[in-house]
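First comes the structure, then the notes that go with it.
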């Protein structure tokens with residue numbers, strides 16, 4: 001009975017250490033060097049799946065609103081634009097981190113990274 005209890009305790013401690021593993025905190029320069037211009041696969045490899053994903057959608061009538069054509073008549077291929085969000089993985093100071101990090105991907109390549117609080 002004691003052996004069974006000890007075994008269950010060890011398994012629980014081991015599983016909790018896996019579940020709550022400390023995620024790496026990057027500096028701003030390090031983060032930009034590693035991810036800017038890189039494919040989605042690299043981001044997933046280093047950071048895992050994002051906290052949130054969104055797909056960019058052009059509003060109906062956008063051309064009228066901004067006063068110029070937004071459709072490219074020569075190129076019928078549409079770019080795929082989506083945003084991924086992570087939290088608290090980049091240092092913003094000595095003891096603080098940026099609350100939100102947004103990746104903007106165009107055709108599965110990181111084209112913009114934004115830090116915000």
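Each value in this text was obtained by applying a stated rule to the coordinates, not by laboratory testing. Note that the structure is a prediction, hence the values are computed from the model and not measured. Please note: Cβ atoms are built from the backbone with ideal geometry, for glycine as well, and neighbour counts cover all protein chains shown.
Structure data summary
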read-out	value
Segment 85-117, subset more than 16 Å from residue 34 (Cβ to Cβ) and in contact with a helix residue (DSSP H, G or I) (Cβ under 9 Å, 6 or more places away or on another chain), residue surrounded by the most Cβ atoms within 10 Å (Cβ to Cβ)	92
Filter result (in contact (Cβ under 8 Å) with a residue 60 or more places away in the chain and in a strand (DSSP E or B)) within segment 81-100	90, 91, 97
